[in-house]
Amino acid sequence: MAMELWLGGRLATMDPTVAGPYGAIEDGAIAVEDGRIAWIGRTADLPGDLARRTAARHDLAGRWVTPGLIDCHTHIVHGGDRAAEFELRLSGATYEEIARAGGGIRSTVTATRAADEDTLFAQARARLRPLLAEGVTAVEIKSGYGLDRETELRMLRVARRLGRELPVTVRTSFLGAHALPPEFDGRADAYIDFLSAEVLPAAAADGLVDAVDAFCERIGFTLAQTRRLFEAATARGLRVRLHAEQLSDMKGAVLAGQFKALSADHLEWLEADGVAALAAGGSVAVLLPGAFYFLRETRLPPVAALRQAGVPIAIATDCNPGSSPVTSLLLMLSMACTYFRLTPAEALAGVTRHAAAVLDLAASHGTLSLGKAADFAIWEIERPGELAYRVGFNPLYATVRAGRPTSA
Ligand code: NIG
Ligand code: FE
């Protein structure tokens, strides 16, 4: 592919080696070759030979450019919805009570098992489109609503197909340990064995698994069960991550840190030992303000302690039918700032650089830097902080993926 130049933009590189909170380069230029950033800097510093080799020029006209946004925690592939459960919660039932009564995740499992691959694909594509319309160029998608071999693999195949057919990089997480399926009632340990010995190996053999996730919670799996699954994942050379400390302090983050997990996610109930373990393990803390909002949680994740310990913070939609029916990552930026008191620069790092690390894509994505994928979003804004400021307004001008303007 010939060299193309994007000139006259204000670049929020999010690259920590570039000074300032957003790693900003005013009057910046990006040269793209073979889908990668071949040069980046001030337009005035553009090397002459590079300008001569250029086949096409695009004028950014002073617009802000950020890395393509990354939604690093979603359950976007699932059957049905849980609007009725939302109404139940409004008349007083809690999320945990509904789950214990056989609703919650299990009701989405029933709907997902009943849906064929094309149906799951069409429904997930419809949810993905509003994210792509906000400049998202990479997304994580979990299994976890099948809880049997066939449906878990079907969900992951749908996730891979979304990555093939839409302009987005998809990374998958195997979340077989999301809830206990009815066939295994009272036999959670046997279910972990079944996942470790049968479902995970089958999914991994088909190239469907980029990471392994679990729900460590009173209504999920115990710490010991989570550890056994992590051991099985690690034995296969797979990285782990964990739904931890969402509704109670199960010490999931301590375990995650010990396994050098890519991330621990939710974390409203995280204590000092968990913060220290995440720091020691090099894990990212993924905060999910949509679930906090939708479940009307009141306990805040310990943002100050995470900052102080140097744990990177990512932000994601957690798009799922039960706790976060959210398809706007920009809204999550706003909520991360208003609810969790992140700065807009921290929030933006949470959907770019730190989100890339969660997906094990830090070497190739997440910042506008030499050699990385030419995935970027172009915005009609006056300052990057506006991305976290407005509610319900989308200032995206265009998305570029691997050097090419996209249309979804
Ligand atoms: O991330 N906490 C567990 N899993 C999801 C919710 C899943 C559901 O309720 O369907 C979450 O919040
Ligand atoms: Fe989740």
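Distance between the modelled labels on S248 and D206, one decimal in nanometres: 3.5 nm (7 Å Cα→Cβ projection). A simple spin-label model places pseudo-atoms 7 Å from Cα toward Cβ; at S91 and N394 they are separated by 3.5 nm.
Counting only heavy atoms of the protein chains and using a 1.4 Å probe, H73 has close to 0 Å² of accessible surface.
With R₀ set to 35 Å, the beta-carbon distance separating A235 from E165 gives a calculated FRET efficiency near 0.60. Of the residues A205, A373, A38, the one that moves most in a GNM of the chain with alpha-carbon contacts below 10 Å is A205. Per residue, segment 21-112 exposes an accessible area of 45 Å² to a 1.4 Å probe, with every protein chain left in place.
Rounded to the nearest whole Å², what accessible area per residue is found for segment 144-204 with the 1.4 Å probe?
Per residue, segment 144-204 has 33 Å² of solvent-accessible surface.
Give the calculated FRET efficiency between T338 and E183 to the nearest 0.05, with a Förster radius of 45 Å applied to their Cβ-Cβ distance.
Details: r = 43 Å, r/R0 = 0.95.
Once rounded, the FRET efficiency stands at 0.60.
Give me the percent of accessible area attributable to carbon and sulfur for segment 100-222, probe 1.4 angstrom.
On the way: 2000 of 4170 Å².
On segment 100-222, the fraction of accessible area on carbon and sulfur atoms equals 48 percent.
At a 1.4 Å probe radius, which order do K260, K251, K142, K372 fall into by accessible area, largest first? Numbers along the way, then the final one.
Numbers: K260 115, K251 70, K142 0, K372 25 Å².
Solvent-accessible surface, decreasing: K260, K251, K372, K142.
The string of couplings for segment 339-345 from the Karplus curve (6.51, -1.76, 1.60, θ = phi - 60°) is 7, 9, 6, 6, 6, x, 5 Hz, one whole number per residue in order, with x for Gly and Pro.
Straight-distance candidates among the lysines for linking to K142, with alpha-carbon spacing under 20 Å and chain neighbours fewer than 8 residues away dropped: K260. Of G144, G220, G102, the residue with the greatest mean-square motion in the GNM of the chain, using alpha carbon springs below 10 Å, is G102. Accessible area per residue for segment 229-328 is 33 Å², calculated with a 1.4 Å probe on protein heavy atoms, without ligands, DNA or RNA. Under 14 Å of direct C-alpha separation, and excluding same-chain neighbours fewer than eight residues apart, K251 reaches these aspartates and glutamates: E217, D265, E268, E271, D273. Overall, the accessible surface of segment 268-324 at a probe of 1.4 angstrom is composed of carbon and sulfur to the extent of 54 percent.
The values are calculated or read from the model by the stated rules, or taken from the named source; none is laboratory data. For clarity, every value in this text was computed on a predicted model and none was experimentally measured. In this analysis, Cβ positions are derived from the backbone assuming ideal geometry, glycine residues included, and neighbour counts consider all displayed protein chains. To get the accessible areas, we keep the full protein, side chains included, count just its heavy atoms, and leave off ligands, DNA and RNA. Shrake-Rupley method; radii C 1.70, N 1.55, O 1.52, S 1.80 Å.
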